[in-house]
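The values are calculated or read from the model by the stated rules, or taken from the named source; none is laboratory data. Predicted model only: the values in this text are computed from it and were never measured. Neighbour counts run over all protein chains shown; Cβ positions are idealised from the backbone, glycine included.
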């Protein structure tokens with residue numbers, strides 16, 4: 001099915017997210033921070049990215065901004081999935097080229113629907 | 001003495017939730033997902049509405065839902081094969097159910113009986129039974145009458161606006177969606193082609209683009225100067241469409257013209273798209289894409305009325321769905337900000353202020369977040385203390401005190417006496433007694449015990465089911481009772497009491513008790529247990545909570561589809577509680593439900609196992625001690641026990657019980673906890689990380705039920721920690737009989753498999 005790059009520094013959360021995606025038949029590539037995610041994205045481009053915002057080394061916004069500069073990431077759907085709610089961060093997300101903003105805790109059905117819809 | 005009205009209001013809120021669940025299931029089914037869980041959930045949603053409707057004497061609704069339920073039952077038991085047509089009928093039935101509920105609420109001008117009867121006929125035909133109200137000269141596909149009535153409020157508004165009264169082809173209708181991408185639409189990872197392609201699932205019939213084509217040499221591959229107009233001919237629920245379109249609202253202006261959107265706005269009240277809607281409101285705010293003409297409306301709604309100005313007056317109908325006339329300023333404000341469309345506030349404010357639960361929930365959530373932030377602040381500050389300023393120290397301490405007070409006050413808003421559900425029960429018992437020809441009285445006690453509103457709401461359904469069960473299966477016929485030397489009139493005691501951090505609800509009847517022989521043979525017949533299994537009496541009693549299990553000889557209007565006790569168990573578990581049954585043959589049965597007082601906040605102790613963090617409910621902790629190898633012994637069957645102050649306690653090693661792959665830790669600490677039913681248990685961990693208040697997030701609603709875990713929380717540093725459920729954990733590790741018996745195999749969801 002689809003290849004999803006799931007980025008989050010919390011292992012529990014990655015397990016939950018990956019579990020829900022794999023159950024639906026998707027392939028999940030995991031990364032622990034933005035830097036690792038960028039490397040994986042370039043090495044092996046996914047169909048869609050779901051990333052946390054607050055992460056060590058390189059955060060979600062920086063990651064998306066960097067990915068958009070690469071040919072592999074130019075038109076890739078990239079969703080932020082975060083507990084943040086601040087408007088300035090959402091504004092920033094839009095500026096760096098995020099496809100959408102989802103709030104944790106996530107709704108598995110919604111995630112699956114979006115993966116389906118955006119790829 | 002407007003109690004009855006109040007309960008009705010609660011029931012209707014419940015109905016909306018059930019409708020939402022049903023809609024959810026149906027949309028899964030439409031997409032071809034017919035797994036047992038979905039079908040069961042859909043069945044239960046209908047069944048619950050029927051149950052409540054019965055309690056309030058809403059006969060039309062009872063009749064309709066009974067047929068509906070029969071069809072769903074046929075579907076889940078494979079007597080009826082799933083197909084598109086079946087889905088269509090079910091969708092129509094769900095709409096009709098919604099119309100009937102509205103009618104019962106006194107909203108709208110009633111429903112169309114002919115349509116209801118026709119749908120009932122279709123349902124009955126699918127289920128292979130007789131419809132209670134056969135329609136002569138049935139002409140299935142013609143839906144003119146139905147739509148006319150369903151659109152009643154719309155039609156009214158239209159008439160008021162002096163427009164031609166035209167019935168829309170419902171549920172199939174034309175929806176026009178206009179997408180005007182912002183210049184960075186594609187740079188945000190969107191693609192108009194994918195947009196159109198994805199819309200096809202709803203049945204796109206026409207796509208047109210408009211706008212200026214740039215000259216070929218000036219074309220930017222990632223710019224989209226074009227706008228798109230897609231016309232759907234579809235029966236999609238407005239909410240579904242809305243949640244589909246939500247993703248595009250950040251990077252494009254999306255306008256929907258849906259003639260049927262009004263009905264959606266009502267039915268959607270409890271739909272799962274709610275979160276999405278909230279997000280949408282925020283997103284719209286942040287991105288400033290909401291059309292300026294109607295800034296106080298949530299985006300999608302704004303789009304509708306927006307489109308309506310250009311189109312026809314019909315979508316004006318969205319207006320009557322708005323909250324009642326004299327709305328207080330605060331309410332208008334909240335509408336402006338959040339866009340919560342649920343729970344039609346039909347009851348005028350009197351002495352007390354009625355506030356939508358939504359809003360309190362938001363408050364509770366925010367307070368929860370503040371608690372977390374406060375914890376982080378306090379922690380960071382304590383590390384700086386050496387350089388600390390005495391005034392700042394005082395301020396931080398004051399803050400922590402005030403936050404706690406704030407939290408208590410907020411929780412107090414949500415507390416309600418259980419009376420709200422308890423006093424509905426005599427009616428249930430009375431009606432049921434009459435229809436079963438039994439003589440039963442109910443004795444209530446502890447009605448003033450206060451519990452969180454959410455718990456109260458969720459309690460009514462399991463309680464009703466349990467009462468029914470007791471009356472149908474427990475209490476004997478009057479003559480039989482006299483023969484056994486019991487009073488003619490059976491008695492059911494319903495009581496509530498606080499037990500530490502939890503509330504305990506007891507339902508005791510003086511009936512025949514559980515017929516274990518019959519339960520066991522039925523269970524074997526149904527393949528629930530293997531014929532050669534040896535079960536203890538308690539285990540046999542617990543079988544009645546197994547999904548699909550029923551000993552009733554025939555399906556009655558009352559109970560006996562085996563849905564009841566299964567629902568009870570699921571419901572109670574979802575609330576973080578437990579249900580147990582104790583039967584005394586010949587003397588009666590006692591059900592005990594224990595529930596947490598609140599679903600939102602918990603005083604917890606954070607413990608560490610390797611890299612992982614878990615939370616133990618603070619109230620259950622007796623003591624933490626250093627592990628002494630000499631005090632440990634192993635019982636036959638690899639059950640480790642620990643000597644603790646002269647008694648032997650079953651011991652759980654978290655790393656093993658949860659199969660953690662985290663780095664090996666010291667495992668040098670043992671936390672002794674007290675459980676409600678199983679006495680004390682020793683839990684082996686690596687470290688204690690301190691007490692804190694944690695904000696509970698349900699795993700079940702966001703992920704799935706996990707054995708041994710009652711929920712999750714977000715810690716001060718943003719990490720997720722799971723909250724442990726000790727009795728369930730004990731069952732999992734095989735360290736003793738958990739509340740549901742401990743013989744289950746490993747990580748199985750249920751001991752009975």
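Here are some notes:
- Among residues that are out of contact with any strand residue (DSSP E or B) (no Cβ under 6 Å at 6 or more places or on another chain) and outside any helix (DSSP H, G or I), residue B:20 is not included.
- Single unsatisfied condition, residue A:39 versus (1) within 26 Å of residue A:71 (Cα to Cα); (2) over 13 Å from the mean Cα position of the chain (by Cα); (3) within 14 Å of chain B (Cβ to nearest Cβ): (3)
- Qualifying residue in the stretch B:617-633 (condition: at pLDDT 80 or above, surrounded by 20 or more Cβ atoms within 10 Å (Cβ to Cβ) and in contact with a helix residue (DSSP H, G or I) (Cβ under 7 Å, 6 or more places away or on another chain)): no
- Out of A:85, A:28, sole residue that is surrounded by fewer than 23 Cβ atoms within 10 Å (Cβ to Cβ) and more than 9 Å from every other protein chain (Cβ to nearest Cβ): A:28
- Just one of the numbered conditions (1) at the interface with chain B (Cβ under 9 Å from one of its Cβ atoms); (2) crowded, with 22+ Cβ neighbours inside 10 Å; (3) within 12 Å of residue B:188 (Cβ to Cβ) is not true of residue A:80: (1).
- Taking the listed residues B:560, B:610, B:564, B:604, the one that is out of contact with any strand residue (DSSP E or B) (no Cβ under 7 Å at 6 or more places or on another chain) and at pLDDT 80 or above is B:610, with no other qualifying.
- Cβ pairs under 7 Å, 6+ apart, first in the stretch A:93-115 and in contact (Cβ under 8 Å) with a residue 60 or more places away in the chain and facing chain B (nearest Cβ under 8 Å), second in a helix (DSSP H, G or I) and surrounded by fewer than 19 Cβ atoms within 10 Å (Cβ to Cβ): A:106/B:702
- When the strands (runs of 3 or more DSSP E) confined to the stretch B:398-481 are screened for residues that are surrounded by 18 or more Cβ atoms within 10 Å (Cβ to Cβ), those reaching at least 1 such residues are found at B:440-445, B:450-452.
- Evaluation of residue B:35 against the conditions (1) touching a helix residue (DSSP H, G or I) at 6+ places or on another chain (Cβ under 8 Å); (2) modelled with pLDDT of 80 or more; (3) under 23 Å from residue B:568 (Cα atoms) shows that the sole unmet condition is (1).
- Criterion: away from chain A (no Cβ under 14 Å), modelled with pLDDT under 80 and either under 29 Å from residue A:112 (Cα atoms) or surrounded by 19 or more Cβ atoms within 10 Å (Cβ to Cβ) (or both) - qualifying residue of B:56, B:68, B:12, B:43: B:56
So that you can scan it fast, the table gives a plain yes or no per residue for (1) at pLDDT below 90; (2) part of a helix (DSSP H, G or I):
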position	(1), (2)
A:6	no, no
A:9	yes, no
A:13	yes, yes
A:17	yes, yes
A:25	yes, no
A:28	no, no
A:35	no, yes
A:38	no, yes
A:41	no, yes
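- Residue match in the stretch B:648-671 (condition: under 32 Å from the mean Cα position of the chain (by Cα) and modelled with pLDDT under 75): no
- Looking only at the stretch A:64-77, and only at residues there that are in contact (Cβ under 8 Å) with a residue 12 or more places away in the chain and assigned to a helix (DSSP H, G or I), the one that is nearest to the other protein chains (Cβ to nearest Cβ): A:68
- Any hit, the stretch B:87-107, residues being in a loop (DSSP other than H, G, I, E, B) and either in contact with a helix residue (DSSP H, G or I) (Cβ under 9 Å, 6 or more places away or on another chain) or crowded, with 22+ Cβ neighbours inside 10 Å (or both): yes
- Considered as a group, the residues in the stretch B:176-204 that are closer than 25 Å to residue B:31 by Cα and assigned to a loop (DSSP other than H, G, I, E, B) include one that is farthest from the other protein chains (Cβ to nearest Cβ), and that residue is B:203.
- Condition met for residue B:736 (at pLDDT 70 or above and closer than 29 Å to residue B:526 by Cβ): no
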